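Scroll down for the structure; my scribbles are underneath it.
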Amino acid sequence: MSPLPVPEGSPFPTSSLPFGIGHHGDGRLRAWAAFGDHAVDLDGLMRSGAFLGLGLAPNIFAGPYLNQYLATGRDTWRAVRTRLREAVDDATPVVVAHTVARDELVMGLPTAPTDYVDFYSSLHHATNLGRMFRPDGDALLPNWRRIPIGYHGRTGTLVADGTPIPRPSGYRLVDGEPEVGPSTRLDIELEVGTVVGVGSELGVPIPIERAGDHLYGVCLVNDWSARDIQAFEYQPLGPFLGKSFATSVSPWLVSFDALEPFRVAPPTQEPPAADYLTTDEPWGFDLHLEVWFDSAAMRAAGTAPVRLSATSFADMYWTPAQQLAHLTVNGASTRPGDLFASGTVSGPTPGTEGSLIELTVNGERPIELPDGTTRSFLLDGDRVELRGWAGSDPARRISLGTVTGTVIPTKGAT
Ligand code: CA
């Protein structure tokens, strides 16, 4: 019996080995890899010589972000994961000495992104929102099927799992009149984040065929959204304060190498995408995503969280490779650790929507909770947890972990 057993069917098999940043009660943030119910201290392994000969800088896992490791490139990522998997499968004495229970870790943000982009790449989500925001026009604007629509977001308000989310304030319409005050239509967006490993030079687009050399892996993202502030401000330049107050990022980065068995062909695009957005490589992924909810009253009563949505990432219209090719086609540079979010992941049927505004049809059909109360948008004390995994076979899935946030009252004067 291994001293570090990984139960059969664990969503953290040693074929996955997601990396994250955390500390074990000592406050010293450093890199860890997760397997089974365990996590191994990568900095500890490094200092013990476990990665000798792989060309890694001595302190590469000692810092509070994975950026330096991400910059090393795919050959190194693969060599490190192969070496690590062998050591973990063998439960070598060095691994045993540096392994802790995963739930004892306090996790932070895995990377320090210099740039963050929020895309809008789900056909179902874009159609649902287009119908609500522009009821008299076409649900999809003419550009939507030509390019992955997105905007540059705010990296300084990317927050780690568990960070409380203060209710934002701003201008919104009250009975048709603009007024400043706390948002009354606070929402979530269920998204998958893609993390850049190797960056790129200013003026040099990344060809889509090279996306795999640059993209490291994925995480979960909750793009908290104040729909009332968003609706007032978004024309003509797009989302601003309605989105920038907080974006939650899950702690464990699952590499694209680990996701290789879960690649699927993305949907056929019509009209066909431009050459710079076209590749034969299948950049869709069989990811399953869920939204779970409980209120302060539910927690106080001991009521279990309820699942609000269960959806699939596999039919996202625009893929991570297309998003990367698009965001660099004008010569914009990228840097290790940069993050881009997929856009809200919504499916075509009720119960597969990735936001409350869709689930409640713009607030018109509130969700009934187990205690008989209802929700259209989030109230103070409400807690949302996103969950995700790759693979349809429960015995062979790999987890993307979870990301949780609880809404707290507006801070300061408004
Ligand atoms: Ca979003």
Count of residues meeting criterion [touching a residue at least 60 places away in the same chain (Cβ under 8 Å), part of a strand (DSSP E or B) and over 27 Å from R396 (Cβ atoms)] in the stretch 22-56: 1
Checking T76 against (1) assigned to a loop (DSSP other than H, G, I, E, B); (2) of a type in the set (S, T, N, Q); (3) surrounded by 14 or more Cβ atoms within 10 Å (Cβ to Cβ), the condition it does not meet: (1)
Which numbered condition G150 fails, given (1) closer than 28 Å to A258 by Cβ; (2) touching a Gly at 6+ places or on another chain (Cβ under 7 Å): (2)
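Every residue, every condition in (1) among the small types (G, A, S); (2) modelled with pLDDT of 95 or more; (3) under 18 Å from the mean Cα position of the chain (by Cα), yes or no:
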residue: I229; (1), (2), (3): no, yes, no
residue: L241; (1), (2), (3): no, yes, no
residue: L259; (1), (2), (3): no, yes, yes
residue: V264; (1), (2), (3): no, yes, no
residue: Q269; (1), (2), (3): no, yes, no
residue: A274; (1), (2), (3): yes, yes, no
residue: A314; (1), (2), (3): yes, yes, yes
residue: S333; (1), (2), (3): yes, yes, no
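Out of G388, G405, G372, which single residue is farther than 17 Å from L287 by Cβ, at pLDDT 95 or above and either polar (S, T, N, Q) or assigned to a strand (DSSP E or B) (or both)?
That would be G405, the only listed residue that is farther than 17 Å from L287 by Cβ, at pLDDT 95 or above and either polar (S, T, N, Q) or assigned to a strand (DSSP E or B) (or both).
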Flag if V117 is assigned to a helix (DSSP H, G or I) and either of a type in the set (V, I, T) or away from the ligand (no atom under 16 Å from the Cβ) (or both): no
Residues of the stretch 81-137 that turn out to be within 30 Å of G36 (Cβ to Cβ), β-branched (V, I, T) and out of contact with any Pro (no Cβ under 6 Å at 6 or more places or on another chain), as a count: 9
Unique residue being in contact (Cβ under 8 Å) with a residue 24 or more places away in the chain, over 30 Å from S15 (Cα atoms) and surrounded by fewer than 18 Cβ atoms within 10 Å (Cβ to Cβ) when the list is E270, E209: E270
Of the criteria (1) assigned to a strand (DSSP E or B); (2) within 16 Å of the ligand (Cβ to nearest atom), which one R307 fails: (2)
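Quick one: how many residues across the stretch 315-330 are acidic (D, E) and either without any contact (Cβ under 8 Å) to a residue 40 or more places away in the chain or buried (at least 24 other Cβ atoms within 10 Å of the Cβ) (or both)? Even if it seems obvious, please write down each step before you answer.
Of the stretch 315-330, the ones acidic (D, E) are 315.
Those still in the list that are either without any contact (Cβ under 8 Å) to a residue 40 or more places away in the chain or buried (at least 24 other Cβ atoms within 10 Å of the Cβ) (or both) too: none.
The total comes to 0.
Kindly indicate which of P282, P267, P272 is farther than 30 Å from S183 by Cβ and touching a Lys or Arg at 6+ places or on another chain (Cβ under 6 Å). Working first, answer last.
On the way: P267 fails: touching a Lys or Arg at 6+ places or on another chain (Cβ under 6 Å); P272 fails: touching a Lys or Arg at 6+ places or on another chain (Cβ under 6 Å).
Every option except P282 fails the conditions.
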Odd one out for G347, checked against (1) part of a loop (DSSP other than H, G, I, E, B); (2) touching a Gly at 6+ places or on another chain (Cβ under 7 Å); (3) on the phi < 0 side of the Ramachandran plot; (4) not charged (D, E, K, R): (2)
Residue within the stretch 226-242 that is touching a residue at least 40 places away in the same chain (Cβ under 8 Å), away from the ligand (no atom under 15 Å from the Cβ) and touching a Ser or Thr at 6+ places or on another chain (Cβ under 6 Å) present: yes
Members of the stretch 331-348 that are closer than 23 Å to R74 by Cβ and either touching a His at 6+ places or on another chain (Cβ under 6 Å) or within 11 Å of the ligand (Cβ to nearest atom) (or both): F340, A341, S342
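The values are calculated or read from the model by the stated rules, or taken from the named source; none is laboratory data. Since this is a predicted model, take the numbers as computed values, not measurements. Neighbour counts run over all protein chains shown; Cβ positions are idealised from the backbone, glycine included.
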